[in-house]
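The values are calculated or read from the model by the stated rules, or taken from the named source; none is laboratory data. Remember, predicted model here, so these are calculated numbers, not experimental data. Every residue, glycine among them, receives a Cβ derived from its backbone with ideal geometry; neighbour counts consider all protein chains shown. Heads up: the accessible areas ignore ligands, DNA and RNA and are worked out on the full protein's heavy atoms, side chains in. Shrake-Rupley method; radii C 1.70, N 1.55, O 1.52, S 1.80 Å.
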Amino acid sequence: MATITVKLRRSEADPQTGTIYYRLSHRRQVRWIATGIRLSLGAWNAAAERIVAADDTHRLLQHRIDGDVRSLRRIVRELEASSAAWSVHDAVTRYRALDGRLLVLDYMEQQIVRLREANRFGTACNYERACRSFAAFLGGMRLPFAALTEQLIGDYNAYLLRRGVVRNTISFYMRILRAVYNKAVRQRLTEQLYPFREVYTGIDRTRKRAVSEAVLVQLHRLELPCGSPLALARDLFLFSYCTRGMAFVDIAYLQKGNLRDGMICYARRKTGRQLTVKIEPGIRRILDRYRSVDSPYLFPLLTSTDPVEAFHQYRRAMDEHNRSLRKLSALLPDGCRLTSYTARHSWATVARDRNVPIAVISEGMGHTSEQMTRIYLTMLEHTVIDRANRRLIGIFER
């Protein structure tokens, strides 16, 4: 029966410090595995074989040790389950091979590279944000996947809360880490320990703002200088509304080849779902205003067809669009706040208020299910309920 213990070997150069080693013994054979983890003697509990966690760095070191020991035990279980006889040399060889390819941050970087190669630049940017956050938490510590335990994720969650990171952002980081972890599990690079069970990975229902049809008409009638950034932002906003809430990223990438037989045919970049929108007269007028023989794109947002450069142009165009929408908001009634998402929210709200069936709204918005549409609508401003409540409590104002 194999045994694994953790020992602190005192340094000859500095008797007050030592280095952590793992001792693996099996059938009277013993091998020592150096970790490079150096500690003061006072930070080590020899009887418990654990670090006395005095600060965040010590806690992270203990997580690494726990992960290493867990990996060794998994290797031993697999070797003992095989029919062939094995030696401690076999276990250490396997461990060293695993140790070089199961580091969480390295694996995340690999996924980021693959996402870029697949032209999924938006998702790659999201992974980079999560990777930077987790790397800051680790403080340069190189942790294997086996160290990604429920306790470690709980410590990361607490770290983010201490820094004032909002709940939805924490959930955003956790969902990305979970996706990376689950992929490593599917590739049999680590075993499933369900480390994300106790942290929040949902999305809080923030109050979404939709504008009324009256505001949309006012926006349409604004007198703006032809060819100005504000005129372009207004036209893109109304184009989104008229095309059933087409997302700004999809608008930016629309090309002339997407126009076929009086239809706009495109694939949502978020989901890949194919959608078709009939070109109504209002849509046609906006398209005609930006017709260009020199560009393959329908709107003057992108110029490059190189995927990397086009993505950077899209990000800049998105920022400029939202800046212009903030300026347009000041020209509308008080309380109106236009963003690139408001047109999509407004189309869904107006459709709901006009008693358009959920199935039709779902199909129009390109949702994958009616349940998703129902959740989406509950996140929108409850104008119908508000109006009903106003009528009910109006008796006190007579």
**Request:** For segment 202-216, name all the residues that are at pLDDT 85 or above and part of a loop (DSSP other than H, G, I, E, B).
**Result:** V211, S212
**Message:** List pairs: first residue in segment 363-378 and on the phi > 0 side of the Ramachandran plot and modelled with pLDDT of 75 or more, second residue part of a loop (DSSP other than H, G, I, E, B) and open to solvent by less than 60 Å² (accessible area, probe 1.4 Å) anywhere in the structure, Cβ distance under 6 angstrom, at least six positions apart or on different chains.
**Reply:** G366/R268
**Message:** Yes or no: segment 66-79 includes at least one residue that is at pLDDT below 90 and farther than 26 Å from R94 by Cβ.
**Reply:** no
**Message:** Among the residues that make up segment 286-300, is at least one of them acidic (D, E), at pLDDT below 95, under 20 Å from A118 (Cβ atoms) and in a loop (DSSP other than H, G, I, E, B)?
**Reply:** no
**Fill in**
S240 vs (1) of a type in the set (G, A, S); (2) surrounded by fewer than 18 Cβ atoms within 10 Å (Cβ to Cβ); (3) assigned to a helix (DSSP H, G or I): all pass except (2)
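For (1) touching a strand residue (DSSP E or B) at 6+ places or on another chain (Cβ under 6 Å); (2) more than 25 Å from L148 (Cα to Cα), each residue gets a yes or a no:
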site	(1), (2)
R23	yes, no
R28	no, yes
R31	yes, yes
N45	no, no
A48	no, no
V52	yes, no
H63	no, no
D68	no, no
**Item:** Where a residue in segment 277-297 is more than 18 Å from C226 (Cβ to Cβ) and its partner, wherever it lies, is in a loop (DSSP other than H, G, I, E, B), with Cβ under 6 Å and at least six apart
**Value:** V277/T243; I279/G262
**Residue list for segment 343-377, filter: open to solvent by 70 Å² or more (accessible area, probe 1.4 Å) and within 13 Å of E213 (Cβ to Cβ)** = R354
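Results for (1) modelled with pLDDT of 95 or more; (2) surrounded by 21 or more Cβ atoms within 10 Å (Cβ to Cβ); (3) in contact with a helix residue (DSSP H, G or I) (Cβ under 7 Å, 6 or more places away or on another chain); (4) not hydroxyl-bearing (S, T, Y), shown as yes or no for each residue.
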{"position": "G139", "(1), (2), (3), (4)": "no, no, yes, yes"}
{"position": "L152", "(1), (2), (3), (4)": "no, yes, yes, yes"}
{"position": "G164", "(1), (2), (3), (4)": "no, no, no, yes"}
{"position": "R167", "(1), (2), (3), (4)": "no, no, no, yes"}
{"position": "V185", "(1), (2), (3), (4)": "no, no, no, yes"}
{"position": "R188", "(1), (2), (3), (4)": "no, no, no, yes"}
{"position": "Q192", "(1), (2), (3), (4)": "no, no, yes, yes"}
**Message:** Suppose the filter is out of contact with any Phe, Trp or Tyr (no Cβ under 9 Å at 6 or more places or on another chain), on the phi < 0 side of the Ramachandran plot and open to solvent by 20 Å² or more (accessible area, probe 1.4 Å); does V217 pass it?
**Reply:** yes
**Asked** From the list L224, L219, which residue is farther than 30 Å from L148 by Cβ and part of a loop (DSSP other than H, G, I, E, B)?
**Response** L224
**Request:** Determine, yes or no, whether T57 is open to solvent by 50 Å² or more (accessible area, probe 1.4 Å), touching a residue at least 40 places away in the same chain (Cβ under 8 Å) and among the hydroxyl-bearing types (S, T, Y).
**Result:** yes
**Asked** Here is a list of conditions, (1) loosely packed, with under 15 Cβ neighbours inside 10 Å; (2) at pLDDT 90 or above; (3) hydrophobic (A, V, I, L, M, F, W, C); (4) farther than 30 Å from Y159 by Cα, and L24 meets all of them except one; can you say which number that is?
**Response** (1)
**Message:** Looking at segment 123-137 only, could you name the residues that are small (G, A, S) and surrounded by 15 or more Cβ atoms within 10 Å (Cβ to Cβ)?
**Reply:** A124, A130, S133, A135
**Message:** Just to check your reading of the model, which residue among A158, A146, A184, A179 is touching a Gly at 6+ places or on another chain (Cβ under 7 Å) and either of a type in the set (S, T, Y) or not in a loop (DSSP other than H, G, I, E, B) (or both)?
**Reply:** A146
**Message:** Regarding segment 333-342, can at least one residue be identified that is modelled with pLDDT of 95 or more, open to solvent by less than 80 Å² (accessible area, probe 1.4 Å), within 27 Å of K256 (Cβ to Cβ) and of a type outside the set (A, V, I, L, M, F, W, C)?
**Reply:** no
